[in-house]
Amino acid sequence: MTQSIYISRAAQLITLAGHSQKPAVQEAMSDLQIIENGSVLIEDGKVTAVGPDAELRNKYSDRIGSMKEIDAAGKVVSPGLIDPHTHLVHAGTRENEYAMRLKGKSYMDIMEAGGGIHATTRATQAASHEQLFEESKKRLNKFFLHGVTTVEAKSGYGLTLEHELKQLEVAKQLHESHAIDIISTFMGAHAVPMDEKKNPEAFVDRVIEEMIPEVARQGLAKFNDVFCERGVFTPEQSRRILEAGKKHGLIPKIHADEIEPYAGAELAAEVGAISADHLLRASDKGLKAMAEKGVMGVLLPGTAFFLMAEFARGRDMIDAGVPVSLSTDANPGSSPTISLPFIMNLGCLMMGMTPEEVMTAATINAAHAIGIADEAGSLEEGKNGDVTIYDVPNYMVLSYQYGMNHVDTVIKAGKPVVVGGQLQ
């Protein structure tokens, strides 16, 4: 049994209450449901009460005295941040490609020459289970330090059944052994292997006929993702892969319209995907379809920032009624960061989002993007005791002071895992 905790007297307690049944859209994304001088009770790892400090102290006076009290006076308290799109489990880095891009090479040029995803695939295939576990564990610890309490983790650097399973098995072991919750996505369709470029259909068939059934049989993933992009997988190939996943109980996700307009957003709406991610070049038609079907737009401004590309039209998407969330896209090639707070900065500075909208996008809407909004993403009775405390007087400072880590305390399922900015 975890210790009971009373987080008290927060200058601003951001609850995000009221959006658990469906994502916040348009004006609702600015509705943070803030309680000033607010407090939270956490018992047995779950939130049991939320409200003004005076009210809770009066109502629960017989219990608060025996709880561990965390004084949040002068600080901001929010639900634990959620990162709904990462490539957590991998080996190696690609700083050499970063240097190449600074000299004029494009991301797709490097990939087509055998670098990019293929470089990380080679490193990941060569790595042992133990190596992948230890490297990924270090990344998870850094996520904690930046206020993140749940991450989605994709495979996709294996590109064979053996190595895709290895990535997913590592993610499962980390979920079971690390305090952070990990939601796994199968992404065997991340790239066509270099030695199969001349016959991509054979690889697509193998993903559909061999990989998806085995991943589903072993229960190693909740979602099925595909990189729908010219030179990678066509919309028709992507549709076949996503529909095959649905037959095996895997919920569709899609890397859509990242490099050029390619009808990825439209496809996400057609197949009933839970989210379409990237969307830098998504069409107005595709965004309208997503809004109509309630497909979450997971925006990854760190990728545009690092690739020096045009940013996704976050403002337009929100105004059009697309539910929007934010993520780091943590990966070694196009977004080598684990700082979700910095991604929130970019949401404001580069995509026209407001401080309120980026907070919603990194909490309750991010929870919806990975199907866990009934248990995480807001501070409401019965939900997980996942809390992030920032050493700032109001939430506006979080977007005003960019590139800074203001996380003071992180509580995961009722257990303090970061205190005073230090991992426990």
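The values are calculated or read from the model by the stated rules, or taken from the named source; none is laboratory data. This structure is a prediction, so every number in the text was calculated from the model and none was measured. Here the Cβ is made from the backbone with ideal geometry for all residues, glycine too, and neighbour counts use every protein chain on show. Note: accessible area is taken over every heavy atom of the protein model, side chains too, but ligands, DNA and RNA are not part of it. Shrake-Rupley method; radii C 1.70, N 1.55, O 1.52, S 1.80 Å.
Quick notes
- Heavy atoms of the protein chains alone define the surface here; on that basis the stretch 163-256 has 38 Å² accessible area per residue at 1.4 Å probe size.
- C-alpha long axis of helix 235-247 to longest principal axis of the chain, angle in °: 60 degrees
- Surface per residue (accessible, 1.4 Å probe) for the stretch 267-424, Å²: 33 Å²
- Percentage relative contact order, the stretch 118-220, counting C-alpha pairs under 8 Å, at least six apart: 28 percent
- Relative to the dominant Cα principal axis of the chain, helix 284-293 is inclined by about 60°.
- Relative contact order (percent, whole number), the stretch 312-360, Cα cutoff 8 Å, 6+ residue spacing: 37 percent
- Summed side-chain charge close to residue 279 - residues other than residue 279 whose Cβ falls under 9 Å, Lys, Arg +1, Asp, Glu -1: -1
- Inter-label distance, nm, simple model (7 Å from Cα along the C-beta direction), residue 96/residue 73: 5.7 nm
- Selected from 21, 237, 167 as most flexible by GNM, with the chain as the system and alpha-carbon contacts under 10 Å: 21
- Taking all protein chains together and rolling a 1.4 Å probe, residue 390 ends up with roughly 10 Å² accessible.
- Cα centroid separation - the stretch 237-253 against the stretch 323-381, whole Å: 25 Å
- Using a probe radius of 1.4 angstrom, the carbon and sulfur fraction of the accessible surface of the chain is 50%.
- Which labelled figure in (1) 70, 49, 45; (2) 71, 44, 44; (3) 124, 62, 40 is Cα extents along the principal axes in Å, once derived from the coordinates: (2)
- Counted over the chain, the DSSP beta bridges are approximately 45% antiparallel.
- Taking 339, 61 and ordering them by how much accessible surface each has at a 1.4 Å probe, largest first, produces 61, 339.
- Counting Lys and Arg as +1 and Asp and Glu as -1 over every other residue whose Cβ lies under 14 Å from the Cβ of residue 10, the net charge comes to -4.
- Annotation for the stretch 54-94 versus the stretch 174-226: alpha-carbon center distance of 33 Å.
- Taking a sphere under 14 Å around the Cβ of residue 399 and counting the other residues whose Cβ falls inside, with K and R at +1 and D and E at -1, yields a net charge of -2.
- Solvent-accessible surface of the stretch 36-98, averaged per residue with a 1.4 angstrom probe and all protein chains in place: 41 square angstrom.
- Degrees between helix 161-177 axis and first principal axis of the chain (Cα, 0 to 90, nearest 10): 10 degrees
- Between the residues 91, 35, 49, the greatest Cα displacement towards the positive end of the dipole of the stretch 26-127, with unit charges on the Cβ of Lys, Arg, Asp and Glu, is found for 91.
- Only Lys, Arg (+1) and Asp, Glu (-1) charged, at Cβ; the chain dipole about Cα centre in debye: 400 debye
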